[in-house]
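Q: Would you mind keeping the following structure in view while I ask a few things?
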Amino acid sequence: MYTISRFSQLCKMSARMLRHYDKEALLKPVLVDTTNGYRYYDQSQLETALRIKKLKEYRFSLPEIRAIVQSTDSTMLMGMIHTKIDEISNEMSRNRKIIAEMQELIENKVDLLQGIRKSYDISIGIRNEISVISQRLQININDMDKYIDSLYHKAKENNIKLLGVPSTIYFNEEFTSEQCDIELMIPIFCSNEEKISSEWQIKTLPKNVVATTIHIGSYDFIGYAYVALEEWIESNGYSLDGPPYETYLKGLECDCHVDEYVTQISFSVIKKTM
């Protein structure tokens with residue numbers, strides 16, 4: 001048997017990592033001396049340790065590695081490898097996009113130390129009463145388009161005539177991409193119907209005052225538009241009268257570059273009383 005120090009040298013893993021694998025029931029020593037707590041490993045465990053090391057190199061998580069090490073199902077292993085290949089490929093695509101954007105910053109000589117904040121024109125006006133088909137959801141933000149398409153499909157199935165493009169209200173106090181509390185809305189022709197199903201409904205949005213601006217480009221930087229609106233609202237004597245919402249005038253459905261996306265951000269507001 002090997003002491004943890006010797007086993008650490010053989011498999012090129014730190015003793016701290018081996019203790020962690022013991023705690024995670026991934027690679028437990030064959031013997032722990034009850035008098036001093038020393039861990040001992042068997043020669044046969046070296047292969048397991050090196051296998052774990054290789055699987056970590058392949059970007060598998062500890063729960064995934066545990067499943068692989070404890071399983072004899074080769075079909076399951078091949079499936080997990082294919083899934084991991086897809087994950088790494090998607091990560092590579094995202095990294096290539098980031099590199100392209102950084103190269104563009106260099107070529108355009110953008111001074112990141114001064115920031116890349118845009119200027120926004122703010123408008124104040126009346127949003128008239130309007131009927132919408134809406135759906136409240138808890139979703140991963142990356143699945144947004146799928147749910148928008150689904151709402152369009154539900155409207156078509158129920159012969160609801162649409163009047164415009166979709167909007168989204170965000171209700172989370174803090175942004176969490178995996179669990180966004182949102183309400184999707186699409187304007188429709190006036191309808192006297194109330195509830196359509198347990199999944200969505202038709203409702204009327206009341207007439208109110210809204211401050212709006214237009215953001216052109218990637219959603220990654222839409223926060224600048226929100227800041228510009230909030231600053232304008234505060235400096236012009238207004239206060240918020242409900243959660244803001246985004247209206248997607250041009251987006252993924254247009255099959256265009258993200259720099260061409262057009263999003264309207266709207267805040268319902270009321271004039272502050274003196």
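Q: Using a 1.4 angstrom probe on heavy atoms only, work out the carbon and sulfur share of the accessible area of the range 49-109 in %.
A: The C+S portion of the solvent-accessible surface of the range 49-109 is 58 percent.
Q: Arranged from highest to lowest average of other beta-carbon atoms within 10 Å per residue, in what order do the peptides 78-85, 13-20 appear?
A: So the order, starting with the most tightly packed, is 13-20, 78-85.
Q: What Kirkwood radius, in Å to one decimal, follows from the Cα pairs of the range 1-136?
A: 20.3 Å
Q: Please identify the DSSP H helices in the chain that span no less than 24 Å along the helix axis (Cα) and have a mean Kyte-Doolittle hydropathy of -1.0 or more.
A: 74-107
Q: Can I ask one more? Tell me the net charge near R59. Cut-off is 10 Å between Cβ atoms, R59 excluded, with +1 for each Lys or Arg and -1 for each Asp or Glu.
A: Within the 10 Å Cβ shell, the charges total -2.
Q: Further question: Can you give the calculated 222 nm mean residue ellipticity of the chain, where each DSSP H run of n ≥ 4 adds -39,500 (n - 2.57) and the sum is split over every residue, rounded to the nearest 500 deg cm²/dmol?
A: When only DSSP H runs of four or more count, the value is -12000 deg cm²/dmol.
Q: Using the Cα centre of the range 52-149 as the reference point, and only Cβ charges (+1 on K/R, -1 on D/E), how large is the resulting charge dipole? Debye, rounded to the nearest 20.
A: Around 380 debye, computed over the range 52-149.
Q: What Kirkwood radius, in Å to one decimal, follows from the Cα pairs of the range 91-174?
A: Over the range 91-174, the inverse of the mean reciprocal pair distance is 17.6 Å.
Q: Putting +1 on Lys and Arg Cβ atoms and -1 on Asp and Glu Cβ atoms, find which of N90, L151, S71 reaches farthest to the positive end of the dipole of the chain.
A: Selected residue: S71.
Q: Further question on the same structure: For the pairs K23/K53; K154/K203; K118/K272; K54/K84; K203/K271; K12/K54, note any where the Cα-Cα span goes beyond 23 Å.
A: Flagged as over cut-off: K118/K272; K203/K271.
Q: Any idea which of L62, I133, I99 is furthest toward the positive side of the dipole for the range 1-149, if Lys and Arg beta-carbons carry +1 and Asp and Glu beta-carbons -1?
A: L62
Q: Are there trypsin sites (Lys or Arg not before Pro) in the range 126-210 that DSSP marks as loop and that have at most 11 other Cβ atoms within 10 Å, and which are they?
A: Loop-located and lightly packed - K161, K207.
Q: When Rg is the radius of gyration of the Cα atoms in the range 149-234 and Rh is its Kirkwood radius, what does Rg/Rh come to?
A: Radius of gyration over Kirkwood radius for the range 149-234 works out to 1.00.
Q: For a Förster distance of 45 Å, can you work out the FRET efficiency between the beta-carbons of S123 and M92, rounded to the nearest 0.05?
A: 0.60
Q: What number does the range 32-93 give for Rg over Rh if you use C-alpha atoms and the Kirkwood radius?
A: Ratio of gyration radius to Kirkwood radius: 1.14.
Q: First obtain the Kirkwood hydrodynamic radius of the chain from its Cα pairs, then insert it into the Stokes-Einstein equation at 4 °C and 1.567 mPa s, and state the resulting D in µm² per second as a whole number.
A: Estimated via Stokes-Einstein, D reaches 54 µm²/s.
Q: Please compute one quarter of the surface area of the Cα convex hull for the range 131-274 and express it in square nanometres.
A: Averaging across all directions leaves 9.5 nm² for the Cα convex hull.
Q: Would you mind working out the magnitude of the charge dipole of the range 146-216 relative to its Cα centre, with +1 at each Lys and Arg C-beta and -1 at each Asp and Glu C-beta, to the nearest 20 Debye?
A: My answer is approximately 440 debye.
Q: Taking N as the number of residues in the range 62-203, what value does Rg over Cα atoms divided by 2.2 N^0.38 Å take?
A: 1.56
Q: Hey, could you grab the Kirkwood Rh for the range 209-274? Inverse mean 1/r over distinct alpha carbon pairs, Å, one decimal.
A: That comes to 12.6 Å for the range 209-274.
Q: Just subtract the alpha-carbon distance of E47 and E157 from 0.36 nm times their residue separation and send over the number in nm, one decimal.
A: 33.8 nm
Q: Using the crude model of +1 on Lys and Arg Cβ and -1 on Asp and Glu Cβ, and no other charge, please compute the dipole size for the chain relative to its Cα centre, in debye to 20.
A: Once rounded to the nearest 20, the dipole reads 960 debye.
Q: Let me ask something else. Which is farthest toward the positive dipole end of the chain among A228, Q43, S198, measuring Cα position about the Cα centre, with Cβ charges +1 (Lys, Arg) and -1 (Asp, Glu)?
A: Of A228, Q43, S198, it is Q43.
The values are calculated or read from the model by the stated rules, or taken from the named source; none is laboratory data. None of the values given here were measured: they were computed from a predicted structure. All Cβ positions, even for glycine, are placed from backbone atoms using ideal geometry, and neighbour counts span all protein chains on display. Remember, those area values only see protein heavy atoms, side chains included, never the ligands or the DNA or RNA. Shrake-Rupley method; radii C 1.70, N 1.55, O 1.52, S 1.80 Å.
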